[in-house]
Structure formats: C-alpha cells, structure tokens
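Please treat every number below as a calculation from the coordinates, not as lab data. No experiment lies behind these values; they were computed from the predicted model shown. Cβ atoms come from the backbone with ideal geometry, glycine included; neighbour counts cover every protein chain shown.
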Amino acid sequence: MVVAAVFALLARVIRQPLIPAYIFAGLVIGPVLGLITSTHVITTLSEIGIAFLLFVAGLEIDINRLRNVGFVSTLGGTIQVLTIFTLAFILALMLGFLSIEAIYVGLIIAFSSTMVVVKLLSDKRELDTLHGRIMLGILLMQDIIAILALSMLTTVNGFSGTLLGLSLLKGASLFVVAWLTSRYVFPQVFKFAAKSRELLFLLSIAVVFAFAALFNAINFSIAIGAFVAGVTLGNLTYNIEIISIVRSLRDFFATIFFVSLGMELLLDPLRSMIAPLIIFVLIVVLVKPLVTMFVCAFFGYKRRPSFIASTSLAQVSEFSLIIVAQGLTLGHIGRNMLSFAVLLAIITITLTSYLSTYEDFLFKKLSRYLKPFDRFSEEGGEALEYIPKKRRKQHFILLGHNRIGYSISRTLRKMKKELLIVDYNPEVIKRLIREKIPCIYGDVGDIEILERLNLKYAYMIVSTVPDKADSLLLIKKTRLVNKRAIIIVTASQLEDALKLYDTGADYVIMPHFLGGEHVSVMIEDFTGNVNKMIETKVKHIEELRHRQNLGHEHPKHH
C-alpha cells in the first residue's frame, strides 16, 4: 500500500487517472523488483475488492438515468456493445486467438469504464449535461450486460442447455429473494439500524457477505452476489448514507485489486503480442468511438454531443478487468491474456484522459468532417425545428430549455414575447414542436446554428448552458453584429463568470449563488407571515410535481 500511495501521489501531481498508477505499483513490487512473490493473500483480498466495487456500483445504479435519455441508453447501448464485441471477436480469431480467448477479447473491448468516465465528468462538472446523461445511460446498460456476461462465463466449461437453464433458474430465484427482502424486510430493519452509524455499517457489510455466500453456493461469482446486494439496498431511503460509510472500505479493497492486477502482469509474453495490442488500442480509441457516434446519431443526437460522448467512452472498463480476472480463476485463459488486458486498460484509460481534456479542440478541428452524422437523425435528415414564417425583428432567444431554461421560457411566453428556443436534446425539441413553440435543434457551440438565429435583431439572448467556451463564442458573435442586445449567460465557476463579464456579458447566472439570494429574500418575506410561507410551500410542491412529470431532476453531487 505504501508503494501504491507513492504512485497515486505522483499520478495526482501530473493529473493522471489513479487506476493506471495502482497497476504500475503492482508491476513494480511484483514482476520488476520481485518484492512480493506469494500472491495468495493479495488474490483473496482482490476478490473482496471486486465484490465491494460491484456492491457500491449496485448502490449507485439509478434506473431513471435510462429513462432520461430513452432508447439511446437501452437499445443504443445494447447495439453498441454487441457491435463492438462482434468486431473484436472476429478480429481476435483472425489474429490467431483461441475461441475462448476471442470471447474474452470481445468482452474486454466492448465495455467502457464507469469509474473513469464519472471521474472525468465530475472534474469538468458535466455530469448533468446532455452528453453526460447519454454516457451515464450507456454505461449503466453496459454494466448490466457485463454482470450478465460475468454470470454466463461460469457455465462455459460444462456448457449445456440444461445446465444453463438450471443456472438461470437458480439465479432468478435469488433475484426474487433479493426483491422481496428489499421491499418487505430491509426497509424496517435498516430504519432501525439507521439510528446508529456503526450498526448501519455492520448490517450493510453483513448483507454483502450474505448475498455473496448465497450466490457462491449456486456456483455464481461472489461479485455478482455483491452487485445484487447493492441493487437491493440501493432502493432504500438510506442508500446515500450506506455509500458514504462503505466508500472508504471499497476504495481500500479496490486499490488492492488494481495493485494485484499489476502483480499478475507477465512482461515476457507481451513481446509476442505487441502487434495485436497496437491493433486493439486503435480499435478502442478509433473504431469504438465511431460506432458509438453512429448509434448516438441514429437516435437523433447532433454531432457535438455524439462526438463528446464517443471520445469519452474510448477506453477499457474496470469491469473488463474483473471479467478477465474471473476468467483466470476459472481456468479459461492464461496470465498472458490478463497481462494483455491490463496493459490495454492502462494505455486506453491514459489516452481517454487526454481525449477528454482536448475534446473541444478536437471537435473544432474535426467538425466539418463529422457533418454526415447529422443526417442520421430520426427525422430522416430533415431539420428538427419549428419556425413560424412571420417573425418580429426584435425577439428573444433562449439557448437551453433545461430546468432553468424552462422557467425562463414560461415567463417570457406569459409576457407575450416572441421567443426562439435552441436546444440539442431532440426529445425536448419534439415536445416544443408539438406545443407549437418556435425552436431549433442545435448546439450553442455550432457557428452555423448561431448564424441562423438572426442575432442582429435580437433584443435579449439568454443562455443556460454553463460552458465557458460556448458562452464566449456566443458573446463575441453577438457583439460583432449587435451592440445593444442584452446578453445573459450561465457559469458554474467564479473565474468563468468574471471572464464572461469582461468579454461583454450583461449578466451571468450562477445557479448556486442565486439559490442563496432567493432564500434570503424568502426569509425576509416569511418573517411574521406564516400564511405566506404555507402558500409558497404548496406552490413549490405543485411546481416540483410538474417538473417531475416533465422529467426534470436536480443535479446529483458525486
């Protein structure tokens, strides 16, 4: 752990992901220096690490994420996984891998890293953007498929229809038990346990080991049992508290797992696998994003959110490493395959961090070559918009019809102002078209879209998109043709807000600060006036229920 801590600190200093650092630490203390030769204890602890990783993954699963981006996450995510798996499987066979090895290669390539992507999105405060929701939806679907694959691999050696059916029946029975306990037993038990943080911790750990033991008893992986335990407890009111108290334990065992992967690396056999390694790195960072872009574009998303989502998913998943580690335990593959997978993960995860950092730069350079992807919209290439023929010259433009934008839109329409809405979520635009509200499907950062907005005649332009680069482009483009327009933009950081003011913004919305100011005004109004407070509460509850029906959610903090 000392060596892992040193490598983690170095990775943090040079702003690199921690997972490759842990793997390198294992490589140093194992194959390179030979400080640890007996890996039995480490292997046992790493299996527990896998279980805790999947337990917390189950706790954090939010089915609503699938609903938020509809078919692109469920059907689209499934198509993406199957396509990548098939391509990688066929290519592996062509390169001389055995059939069982080719299956594992397909699984390694097919999945992307939830851990890495969530970290990258959190660092850039993009978890609640459209491309962020698309990625999280696809990743959730991938995690579900990965769990199914993990459970199926245990039946490969003695595969038969009867054995598979019996295995699935046993698994289904335990899932029913899990559902019944989560609905009728755990709510009351954890309500009592929640009074003590220590008792809540012990009970949560007990549930993990109980489910792991049950699944192990029917020859399923303990990791699957831990995942089911997480999903079971994830529906409870106390899931946030459970996550907070087990996260440190999860991180400890997860670190051991990734260190153990480094210790399992065999460097000599990799010399004969350099060519396949290079080929599959290119598959992950070039072909995989291309397939993902086609999937996103097919489901109606423009090239920018499709591109950003695709490049951020261009890596190998920690789930892939878990699957390979399981394959090694089952005797399906040798340590050379594990070494191959670990090195592939190190390279692609590192490359993804750079792709994510420079995604805006890359998109601007490649944007004109990506235009064909816009033709794959659900409307058969037709413009997804509603613009009345008769329009006044002085109009209002709203960029982003999200939670903030919805309130602004409603107010402007009540004021009978001529409004044009721009949003890059096709579902939002379709709803606006049905309501006969003027709208254009497009991205704020797309110069072609900005040129179509008649910025010269706009009276007021409001952007609720908290992207500094897009806001700067909007301000500069508007000020070139319209010095009088009122420009209101949004920022999530103080430095960005000040920069936007310097560039020419008339007002910068900072949602978190506005919330505090609003509550301060409410306190002044409510003091000595209980009836007004009750009236405001009733209206707020009605508004929240209305927003819930529209699918709006408050941003989650990770």
With all pairs of different alpha carbon atoms counted, what Kirkwood hydrodynamic radius in Å does region 191-295 show?
-> 17.4
Kirkwood Rh in Å, taken over all unlike Cα pairs in region 385-509 = 14.4
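Cβ neighbours within 10 Å, averaged per peptide: list 309-321, 459-471, 81-93 in order, most packed at the top.
Per-residue Cβ counts within 10 Å, averaged per peptide and sorted highest first, yield 309-321, 459-471, 81-93.
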Given R₀ = 22 Å, FRET efficiency for residue 519-residue 403 by Cβ-Cβ distance, to 0.05?
-> 0.80
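Given 0.36 nm per residue, what is the gain on full extension from residue 527 to residue 360 after removing their alpha carbon distance, in nm?
Values: separation 167, 0.36 × 167 = 60.12 nm, distance 4.83 nm.
55.3 nm is the gain from fully extending residue 527 to residue 360.
When only C-alpha pairs under 8 Å and at least 6 residues apart count, what is the relative contact order of the chain, in percent?
Numbers: 769 pairs, mean separation 90.0, N = 558.
Once normalised by length, the contact order is 16 percent.
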Output ³J(HN,Hα) for region 101-109: one whole-Hz value per residue in order, computed from phi by the Karplus curve 6.51 cos²θ - 1.76 cosθ + 1.60 with θ = phi - 60°, and x for Gly and Pro.
-> 5, 5, 4, 5, 4, x, 5, 4, 6
Report, by chain and number, residues whose modeled amide H sits under 5 Å from the one on residue 487, excluding near sequence neighbours (fewer than 5 apart, same chain).
-> 461, 506, 507
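Go ahead and estimate [θ] at 222 nm for the chain from helices alone: -39,500 (n - 2.57) per DSSP H run with n ≥ 4, summed, over the residue count, rounded to 500. Can you show the working numbers first?
Details: 28 runs with 370 residues, N = 558.
Result for the chain, helices only: -21000 deg cm²/dmol.
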Do the alpha carbons of any pairs in 389/456; 417/537; 414/477 sit beyond 23 Å of each other, and which pairs?
-> 417/537; 414/477
Radius of gyration, Dmax [region 436-558; alpha carbons; angstrom] | 18.1, 54
Region 385-509, relative contact order in percent, only Cα pairs under 8 angstrom and at least six apart counted = 24
Would you compute the Debye intensity of region 487-536 from its alpha-carbon atoms alone, equal scatterers and no solvent, and pass along log10 I(q)/I(0) at q = 0.20, 0.25, 0.31 Å⁻¹ to two decimals?
-> -0.68, -0.84, -1.09
Let me know the Rg and Dmax you get for the chain when you use only its Cα atoms, in Å.
-> 25.9, 80
Quick calc: nm separation of the 7 Å Cα→Cβ label points for residue 2 and residue 278 -> 4.0
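Going by average Cβ density within 10 Å per residue, which order do the peptides 47-54, 505-512, 273-280, 211-218 take, highest to lowest? Please report the intermediate quantities before stating the final value.
Details: 47-54: 25.0, 505-512: 16.5, 273-280: 15.0, 211-218: 18.4.
Result, highest mean first: 47-54, 211-218, 505-512, 273-280.
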With each pseudo-label sitting 7 Å past Cα toward Cβ, what's the residue 199-residue 75 distance in nm, one decimal?
-> 4.9
